[in-house]
Amino acid sequence: EVKIIIFQENNFEVGEILENFSEKNNKSGAIFSFLGKVREIRDNEQIKNIQIEFYEKMAKIQTDKIIKQTIKKFQIDDFLIIHRFGRLLPGENIIFILSASKHRKESFFFVQNLIEWFKFKITFWKKEYYSNHSSWVKSEDI
(Lines give C-alpha, C1' and ligand atoms only; values in the text may rest on other atoms or scores of the structure.)
Protein backbone atom coordinates (compact mmCIF):
# COMPACT_ATOMS: atom_id res chain seq x y z
CA GLU A 1 0.00 0.00 0.00
CA VAL A 2 1.33 3.40 -0.98
CA LYS A 3 0.47 6.41 1.10
CA ILE A 4 0.62 9.55 -1.03
CA ILE A 5 0.66 13.33 -0.65
CA ILE A 6 0.35 15.33 -3.89
CA PHE A 7 0.66 19.08 -4.38
CA GLN A 8 -0.50 20.14 -7.84
CA GLU A 9 -1.84 23.08 -9.86
CA ASN A 10 -4.31 21.15 -12.00
CA ASN A 11 -7.82 20.32 -10.90
CA PHE A 12 -8.63 16.66 -10.25
CA GLU A 13 -11.50 14.27 -10.91
CA VAL A 14 -12.95 13.34 -7.51
CA GLY A 15 -15.06 10.37 -8.67
CA GLU A 16 -12.21 8.69 -10.52
CA ILE A 17 -9.77 9.15 -7.62
CA LEU A 18 -12.31 7.85 -5.08
CA GLU A 19 -13.13 4.84 -7.23
CA ASN A 20 -9.44 3.94 -7.72
CA PHE A 21 -8.69 4.41 -4.01
CA SER A 22 -11.68 2.27 -3.05
CA GLU A 23 -10.66 -0.54 -5.43
CA LYS A 24 -7.09 -0.43 -4.14
CA ASN A 25 -8.36 -0.67 -0.54
CA ASN A 26 -11.16 -3.19 -1.08
CA LYS A 27 -10.19 -5.08 2.11
CA SER A 28 -10.71 -2.02 4.31
CA GLY A 29 -14.03 -1.71 6.12
CA ALA A 30 -14.29 2.06 5.76
CA ILE A 31 -13.23 4.77 3.35
CA PHE A 32 -13.71 8.34 4.42
CA SER A 33 -13.23 11.40 2.21
CA PHE A 34 -13.14 15.15 2.61
CA LEU A 35 -13.30 17.60 -0.28
CA GLY A 36 -12.52 21.27 0.29
CA LYS A 37 -13.66 23.72 -2.40
CA VAL A 38 -13.20 27.41 -3.19
CA ARG A 39 -16.16 29.30 -1.77
CA GLU A 40 -18.00 31.94 -3.79
CA ILE A 41 -18.63 34.50 -1.05
CA ARG A 42 -16.83 35.73 2.05
CA ASP A 43 -18.30 38.44 4.28
CA ASN A 44 -21.03 39.15 1.68
CA GLU A 45 -18.44 39.80 -1.06
CA GLN A 46 -18.21 37.81 -4.29
CA ILE A 47 -14.83 36.09 -4.70
CA LYS A 48 -13.48 36.26 -8.27
CA ASN A 49 -10.60 33.84 -7.63
CA ILE A 50 -8.02 32.85 -5.05
CA GLN A 51 -4.27 32.42 -5.26
CA ILE A 52 -2.66 29.71 -3.12
CA GLU A 53 1.10 29.85 -2.73
CA PHE A 54 3.41 27.62 -0.73
CA TYR A 55 7.01 26.57 -0.32
CA GLU A 56 6.84 22.94 -1.46
CA LYS A 57 9.87 21.62 0.42
CA MET A 58 8.65 23.11 3.72
CA ALA A 59 5.06 21.96 3.13
CA LYS A 60 6.23 18.38 2.46
CA ILE A 61 8.38 18.34 5.63
CA GLN A 62 5.48 19.75 7.70
CA THR A 63 2.99 17.33 6.15
CA ASP A 64 5.26 14.31 6.68
CA LYS A 65 5.69 15.28 10.34
CA ILE A 66 1.94 15.66 10.84
CA ILE A 67 1.20 12.36 9.08
CA LYS A 68 3.70 10.51 11.30
CA GLN A 69 2.08 11.97 14.44
CA THR A 70 -1.48 11.31 13.25
CA ILE A 71 -0.80 7.76 12.00
CA LYS A 72 0.37 6.83 15.53
CA LYS A 73 -3.09 7.73 16.91
CA PHE A 74 -5.26 5.91 14.37
CA GLN A 75 -5.12 2.51 12.66
CA ILE A 76 -5.10 3.60 9.02
CA ASP A 77 -4.68 1.17 6.13
CA ASP A 78 -4.00 3.84 3.51
CA PHE A 79 -4.48 7.51 2.70
CA LEU A 80 -4.25 9.97 -0.17
CA ILE A 81 -3.97 13.75 0.06
CA ILE A 82 -4.19 16.09 -2.92
CA HIS A 83 -3.77 19.82 -2.31
CA ARG A 84 -3.84 22.36 -5.10
CA PHE A 85 -1.96 25.60 -5.46
CA GLY A 86 -1.99 28.47 -7.96
CA ARG A 87 -5.01 30.39 -9.22
CA LEU A 88 -8.36 28.72 -8.40
CA LEU A 89 -11.90 29.79 -9.24
CA PRO A 90 -15.03 29.56 -7.04
CA GLY A 91 -16.39 26.03 -7.01
CA GLU A 92 -13.04 24.43 -7.86
CA ASN A 93 -11.45 21.77 -5.66
CA ILE A 94 -8.69 22.77 -3.23
CA ILE A 95 -8.01 19.71 -1.10
CA PHE A 96 -9.09 16.06 -1.22
CA ILE A 97 -8.24 13.67 1.59
CA LEU A 98 -9.04 9.96 1.47
CA SER A 99 -8.51 7.51 4.30
CA ALA A 100 -9.02 3.73 4.44
CA SER A 101 -9.27 1.78 7.68
CA LYS A 102 -10.82 -1.33 9.15
CA HIS A 103 -13.38 0.74 11.12
CA ARG A 104 -15.03 4.09 10.32
CA LYS A 105 -13.92 5.91 13.47
CA GLU A 106 -10.23 5.68 12.62
CA SER A 107 -10.71 7.09 9.12
CA PHE A 108 -13.08 9.80 10.31
CA PHE A 109 -10.77 11.09 13.07
CA PHE A 110 -7.65 10.73 10.91
CA VAL A 111 -9.15 12.97 8.22
CA GLN A 112 -10.58 15.40 10.79
CA ASN A 113 -7.14 15.79 12.42
CA LEU A 114 -5.44 16.30 9.07
CA ILE A 115 -7.88 19.05 8.07
CA GLU A 116 -7.15 20.94 11.29
CA TRP A 117 -3.41 20.58 10.71
CA PHE A 118 -3.69 21.79 7.12
CA LYS A 119 -5.66 24.83 8.25
CA PHE A 120 -3.24 25.93 10.96
CA LYS A 121 0.16 24.24 10.68
CA ILE A 122 1.03 23.82 7.00
CA THR A 123 2.55 26.92 5.43
CA PHE A 124 0.15 27.95 2.65
CA TRP A 125 -0.54 31.56 1.74
CA LYS A 126 -4.01 32.24 0.37
CA LYS A 127 -5.11 35.51 -1.19
CA GLU A 128 -8.70 36.17 -2.21
CA TYR A 129 -9.48 38.50 -5.10
CA TYR A 130 -12.72 40.46 -5.18
CA SER A 131 -14.09 42.88 -7.78
CA ASN A 132 -12.21 45.91 -6.46
CA HIS A 133 -9.66 44.64 -3.91
CA SER A 134 -7.83 41.61 -2.57
CA SER A 135 -6.91 40.34 0.88
CA TRP A 136 -4.72 37.68 2.43
CA VAL A 137 -6.66 35.05 4.35
CA LYS A 138 -5.69 34.36 7.97
CA SER A 139 -5.36 30.68 8.85
CA GLU A 140 -8.25 30.85 11.33
CA ASP A 141 -10.52 32.07 8.47
CA ILE A 142 -9.75 29.14 6.15
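The values are calculated or read from the model by the stated rules, or taken from the named source; none is laboratory data. Just so we're clear, the structure is a prediction, and the values are computed from it rather than from any experiment. We place every Cβ from the backbone using ideal geometry, glycine too, and count neighbours over all the protein chains shown. Heavy atoms of the whole protein, side chains included, go into the accessibility calculation; ligands, DNA and RNA do not. Shrake-Rupley method; radii C 1.70, N 1.55, O 1.52, S 1.80 Å.
Computed quantities for the displayed model
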{"read-out": "Pair list, Cβ under 6 Å, 6 or more apart: the range 104-121 residue of a type in the set (S, T, N, Q), other residue open to solvent by less than 30 Å² (accessible area, probe 1.4 Å)", "value": "SER107/ALA30; SER107/SER99; SER107/SER101; ASN113/THR70"}
{"read-out": "Set ILE5, ILE50: member being farther than 20 Å from VAL137 by Cβ and within 16 Å of the chain's Cα centre (by Cα)", "value": "ILE5"}
{"read-out": "Meets criteria (within 14 Å of ILE4 (Cα to Cα), open to solvent by 20 Å² or more (accessible area, probe 1.4 Å) and not hydroxyl-bearing (Ser, Thr, Tyr)) for LYS68", "value": "yes"}
{"read-out": "Neighbours by Cβ (under 9 Å, 6+ apart or cross-chain): first from the range 7-25, surrounded by 11 or more Cβ atoms within 10 Å (Cβ to Cβ); second part of a loop (DSSP other than H, G, I, E, B)", "value": "PHE7/PHE85; GLN8/PHE85; ASN11/GLU92; SER22/SER28; LYS24/GLU1; LYS24/VAL2; ASN25/GLU1"}
{"read-out": "Residue count for the range 26-61, restricted to those that are touching a residue at least 24 places away in the same chain (Cβ under 8 Å) and over 22 Å from TRP125 (Cβ atoms)", "value": "7"}
{"read-out": "The range 92-137, residues that are open to solvent by 30 Å² or more (accessible area, probe 1.4 Å), modelled with pLDDT of 90 or more and basic (Lys, Arg)", "value": "LYS102, ARG104, LYS105, LYS127"}
{"read-out": "Conditions (1) open to solvent by less than 90 Å² (accessible area, probe 1.4 Å); (2) over 19 Å from ILE6 (Cβ atoms); number of the one not met by LYS48", "value": "(1)"}
{"read-out": "Every residue from the range 26-39 that is surrounded by fewer than 13 Cβ atoms within 10 Å (Cβ to Cβ) and over 14 Å from LEU98 (Cα atoms)", "value": "LYS27, ARG39"}
